[in-house]
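Read-outs: derived from the displayed coordinates by stated rules, not from any lab. It should be emphasised that the depicted structure is a prediction, and the values quoted were computed from it without experimental measurement. A quick note on method: Cβ atoms are made from the backbone with ideal geometry, for glycine too, and the neighbour counts reach across all protein chains shown.
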Ligand code: HEM
């Protein structure tokens, strides 16, 4: 059978050609977006736009932003347009614009644009991904959960948990084994958040029983059909939502639902309470009288879930890269250890919540490590109301994604001379004061910054202080140096593992 000519091969040729013309026309038109609006922009190429990867993370940006930032900086742009496939996004270069978006004009940029599907995958509707109205409601309810009083309440659980890690390091030190320190730190933070958010002992250092550690890996695992799923979610979220695609694997959601429900039932049946996040959330649920905005079981489970997801890898990444630099700079490691020992001595040989706050030099070291290796490589926002950019006539349209390339800003020589050099003195109070406040943002900024900042810093400081008070760490010859970083992921990770050796002090 033929359609247009007498020859089916010609027919096929004509249909394919027509299809290609339509596709090219669509791309060509899409690539006029920034030009038509007089924005500075980087020239896209067919078919990926400016993005070097088809598949990055669910947010869609990783270290590829370094390329955009460097090119825009060279051209003298304060911000500039790019395309991921055909979708326009604005990259901010100048920290004054970063400040406007994150704080001053936040009401135009309330959303993060993170995929979630409340209907088919309720666990994805958590604080990190929720949009405007629902986000505000939940953030207001959760904020009191992270006060310093509440941190103090959980301090001992974190400290106790750090003992499993130092015991495991001690065993490896005695056996003269190399330690995959990132894995040890992930086990520690999994145990901490498991205990504080779910109220259960995760036993991550006990190999096969470590279901939580396994689930931690599963959350970020990308294989099989899930790759296609994530490409659609990151590149065509509206279509993904219509198709009912889920951001999380069913078995992961099921696992977290069951754990939380069992834990709550146990507490209710036994009239049992515990000083942890789960209890605080149960209290919020029971106390919320607001029938228009109740705090439902689905909402409770998804917040516990996001505390786990957002809490364990960011903190282990912070500690991992801090130890990497401390191994390379033994003099700094010695100085941190001296400070830790002095503080311990002042507090009768025991770490307390107050004593951890006295570790000022350790804080500088963490600040500098997070500058070089921010756990989240970019911050994202979505413009929710048309917005005129300051000192310009340019209007950013509602729905446009905004990207803040943290990794690049943190390594810009304009703010940090010799940017690749590890130098904790950059964060002494005098040097800190002399810099633009929006060029160091490892926890984000403004009303939508990291809600778990205090907790993340507390567990990172406890982890580092307990390790350094007991061991000298060195990089093992088994480590493939220097550490190479994964390009296409939102959460910064090295491709090669960091192996260290530990010597008991
Ligand atoms: C060193 C550890 C951590 C780092 C570096 C970190 C970093 C970040 C960053 C960069 C953001 C985005 C902020 C923005 O867009 O302005 C964020 C958001 C968030 N973080 Fe953290 N985080 C850490 C630990 C934690 C912990 C321990 C928890 C929970 C227990 C947590 C829960 C969250 C949540 C729920 C959000 C979303 C907040 C919102 O949208 O309102 N984080 N974090």
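Order the peptides 157-168, 341-352 from the highest to the lowest mean number of other Cβ atoms within 10 Å of their residues. Working shown, then result.
Details: 157-168: 18.7, 341-352: 13.4.
Going from most to least packed, we get 157-168, 341-352.
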In degrees rounded to 10, the 0-90 angle between helix 148-174 Cα long axis and the longest Cα principal axis of the chain is 80
Pseudo-spin-label distance residue 227 to residue 171, built 7 Å along Cα→Cβ, given in nm, is 3.6
Relative contact order as a percentage, the range 339-445, C-alpha pairs under 8 Å and 6+ apart, gives 27
Using alpha carbon centers only, the range 62-136 is separated from the range 186-250 by a whole-angstrom value of 23
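Summing -39500 (n - 2.57) over the DSSP H runs of n ≥ 4 in the chain and dividing by its residue number, what mean residue ellipticity at 222 nm do you reach, to the nearest 500 deg cm²/dmol?
Using -39500 (n - 2.57) per qualifying helix, the result is -15500 deg cm²/dmol.
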From fewest to most C-beta neighbours within 10 Å, the residues 193, 82, 475 line up as 475, 82, 193
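What percent does the relative contact order of the chain come to when contacts are Cα pairs within less than 8 Å and at least six residues apart?
Computed value for the chain: 23 percent relative contact order.
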Here, residue 9 and residue 484, labelled 7 Å along Cα→Cβ, have an inter-label distance in nm of 4.6
One computes Rg over Rh for the range 121-196 from alpha-carbon atoms, with the Kirkwood Rh, and obtains 1.16
Highest mean packing first, using Cβ neighbours within 10 angstrom, the peptides 305-311, 131-137, 113-119 sort as 305-311, 113-119, 131-137
Rounded to the nearest 10, the angle in degrees between the Cα long axis of helix 8-30 and the longest principal axis of the Cα atoms of the chain comes to 60
What the Cα atoms of the range 403-505 span along the principal axes, largest first and in whole Å, is 41, 29, 27
When 253, 195 are arranged by how many other beta-carbons sit within 10 Å of their Cβ, fewest first, they go 253, 195
Burial-style ranking of 85-96, 32-43, average other-beta-carbon count within 10 Å with highest first, yields 85-96, 32-43
Scoring the range 283-370 by relative contact order with C-alpha pairs under 8 Å, at least six apart, yields a percentage of 27
From the Cα centre of the range 258-292 to that of the range 417-468, the distance in Å is 33
In degrees, nearest 10, the alpha-carbon axis of helix 211-220 is tilted away from the dominant principal axis of the alpha carbons of the chain by 30
Here the equivalent ellipsoid of the chain, derived from its Cα gyration tensor, has semi-axes (largest first, whole Å) of 41, 28, 24
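Express as a percent, rounded to the nearest 5, the fraction of DSSP beta bridges in the chain (both residues included) that run antiparallel.
85
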